[in-house]
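Heads up, the thing below is written out as C-alpha cells.
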Amino acid sequence: MYLLQKLKAFERNIVFMRWGTSADYGKIKYVGQDFIEFEVIDGETLEYTETVLVNPNMILEIVLGGPDVSRVIAAVSSMLPAFGEDRFN
C-alpha cells in the first residue's frame, strides 16, 4: 500500500507530521497525487496558523495517535462551540 492511499483514510484528522526540516501538529486537509495540504496548528494558541503543501516524498514521519496527539485533539475540540450553543450572543 502506498503512503498516499493510507493518508487518504486520515484526511480531516489531526496528526503530528515531520517533513523535510519541519515538524508540526496539524490537520491533513487534502491528500492529492502530488501534494498533501496540511493545516499547521500553533502549539501555544492551538489555532490554525498556516496551510502547507507538502510533497509526499518529503514526509519522514506521521504520528496518528498517542498521548501528545490526543492532547492536541482534546484542546482543539474544547474550543469548539457546544451543539446548539448560540455563538452570536
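The values are calculated or read from the model by the stated rules, or taken from the named source; none is laboratory data. Small disclaimer: the values here were computed from a predicted structure and weren't measured. Counting neighbours? That spans all protein chains shown, and the Cβs are built from the backbone with ideal geometry, glycine included.
The residue that is modelled with the highest pLDDT, among those in region 14-59 that are small (Gly, Ala, Ser) and assigned to a loop (DSSP other than H, G, I, E, B), is 32.
Matching residues to (1) more than 11 Å from the chain's Cα centre (by Cα); (2) exposed (fewer than 14 other Cβ atoms within 10 Å of the Cβ):
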site: 5; (1), (2): yes, yes
site: 17; (1), (2): no, no
site: 20; (1), (2): yes, yes
site: 26; (1), (2): no, no
site: 31; (1), (2): yes, no
site: 40; (1), (2): no, no
site: 48; (1), (2): no, no
site: 53; (1), (2): yes, yes
